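Contents: one structure, followed by commentary.
The values are calculated or read from the model by the stated rules, or taken from the named source; none is laboratory data. The structure presented is a predicted model; accordingly, all values stated were derived computationally and were not measured. Every residue, glycine among them, receives a Cβ derived from its backbone with ideal geometry; neighbour counts consider all protein chains shown. To get the accessible areas, we keep the full protein, side chains included, count just its heavy atoms, and leave off ligands, DNA and RNA. Shrake-Rupley method; radii C 1.70, N 1.55, O 1.52, S 1.80 Å.
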Amino acid sequence: MRVLLIDPPGVEGLPVGRVLGSFGINKADQAWPPYDLQIIAGYCKKNSHTCKIIDANNLKLSLKDLKKEIEAFSPQWVVYLTCFQTFELDAGVAKVAKEVDPSIKTACISLSIYSVEDPEGSLRRHPYLDYIIWGEPEVPLMRLINGESPEAVAGIYYRREEQIIFTGEAERVKNLDELGIPVHDGMPFEIYRCPLARRRPLTIVNCSRGCINWCIHCQAGAFQKPLRYRSVESVMEEMREIKGLGIKEIKFYDCSLPTNRKFVLELCEAMIREGFNFTWHCNARADRVDREVLEIMKRSGCHTISIGCESGNDEILKNMRKNETVEEIEQAVRLVKASGMRVLM
């Protein structure tokens, strides 16, 4: 199958943060690659499908531009990334795909898809959209691309004549290594940037999915449980590939990279051993850092750690189910600063 993966145009020329969840219009000088689509591309590659990724969002392409890209690639599937804030606008991708060729199958995906209100009504409003993948997208989407009948695939909304069918909750990926290695080759690295980065070109790498916590303001704990990690070797294979592409900076996009202490120690040791010389930054829960972990993270290239600090009031932290205290957050900041790295709160 020929599969075209699209991060849709932004809003009035402003890029939208749809990566691994949803953030609405970008509020900082950032442009991140559409890593969700890179994961899908790796899974397609593993299943012997031909893929192309178009980052219309950060390249500031229009739907008219996309129509030309679809005509040139001649896909059998068009899959686009969405988020609840821009769901209605993003459906324009499905429309232009069907205008090019009505036989093209169209689907939308998002790790925060549960935030989309009234998916049945949404599918009725957009007759060009064939499938809404409901839940983690990789397994149900690949089953469809591989030719399985929709009624046999859990985790989709689809149209059968005039009726909208929901097949139930999607099957979650039990072993992230089964998805293969995310595709970085061919991405426009020259446009990607992050305010925290020290060097360019940069890209995203994600070692895990989900979070051990469930803060009331965050979708990761609610939609992406249970917390799962890739193997260290899987991540190393990805980093070998991006090293070969000239990448210098990595944004580890995990909710909290050092939550699994054993994993992060092994990963950093492997990065040092292979001499990658990446500079990188990541997120971390305050209660998951210690001197040993921070020391080896720095030696392997880490320069900045973002620690969630939504409040300096213990009662507020308790009410948002943060499961951390002000004292723990203060201690984590002291440890990061003492290690010689920057800290963002």
Problem - Stokes-Einstein D in µm²/s, Kirkwood radius over Cα pairs - the chain at 25 °C with 0.890 mPa s viscosity - result: 118
Completion exercise
With Rh as the Kirkwood radius over Cα pairs, the stretch 264-345 has Rg/Rh of 1.04
Fill in the blank from the handout: In Å², rounded to a whole number, the accessible area per residue of the stretch 1-146 with probe 1.4 Å is 38
Fill in the blank from the handout: Probe 1.4 Å, heavy atoms of protein chains only: per residue, the accessible area of the stretch 287-340 in Å² is 55
Problem - Within the stretch 1-102, percent of DSSP bridges classed antiparallel, to nearest 5 - result: 25
Fill in the blank from the handout: Share of accessible surface on carbon and sulfur in the chain, whole %, 1.4 Å probe and ligands ignored, is 50
Problem - Pair LYS46, LYS298: separation of 7 Å Cα→Cβ label points (nm) - result: 3.7
Problem - lysines with Cα under 22 Å of LYS248, excluding same-chain neighbours fewer than 8 positions away - result: LYS298
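What longest range of the chain stays clear of loop-exposed GluC sites (Glu not before Pro) (DSSP non-H/G/I/E/B, at most 11 other C-beta within 10 angstrom)?
On the way: sites that count: GLU12, GLU117, GLU161, GLU162.
Here the longest run is 163-345.
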Handout entry: Accessible heavy-atom area order of VAL235, VAL139, highest first, probe of 1.4 Å
Key = VAL139, VAL235
Practice task
Provide Rg over Rh for the stretch 1-86; use the alpha carbon set for both Rg and the Kirkwood Rh (inverse mean inverse pair distance).
Solution key: 0.97
Practice task
Identify all aspartates and glutamates with a Cα-Cα distance to LYS52 below 14 Å; exclude those on the same chain that are fewer than 8 residues away in sequence.
Solution key: ASP7, ASP36, GLU69, GLU71, ASP185
Problem - Across LYS243/LYS337; LYS60/LYS243; LYS67/LYS95; LYS64/LYS98; LYS45/LYS105, pairs whose alpha-carbon gap is larger than 20 Å - result: LYS243/LYS337; LYS60/LYS243
Handout entry: Three principal axis lengths of the stretch 136-267 [C-alpha, angstrom, descending]
Key = 53, 35, 28
Practice task
Give a residue-ordered list of calculated ³J(HN,Hα) values for the stretch 196-208 (Karplus: 6.51 cos²θ - 1.76 cosθ + 1.60, θ = phi - 60°; whole Hz; x for Gly, Pro).
Solution key: 8, 6, 9, 9, 9, x, 10, 8, 9, 10, 10, 9, 8
Completion exercise
In Å, the C-alpha Rg and Dmax of the stretch 1-160 are 14.2, 44
Problem - Estimated FRET transfer efficiency when R0 is 56 angstrom, pair ARG334-LEU63 (beta carbons, to 0.05) - result: 0.65
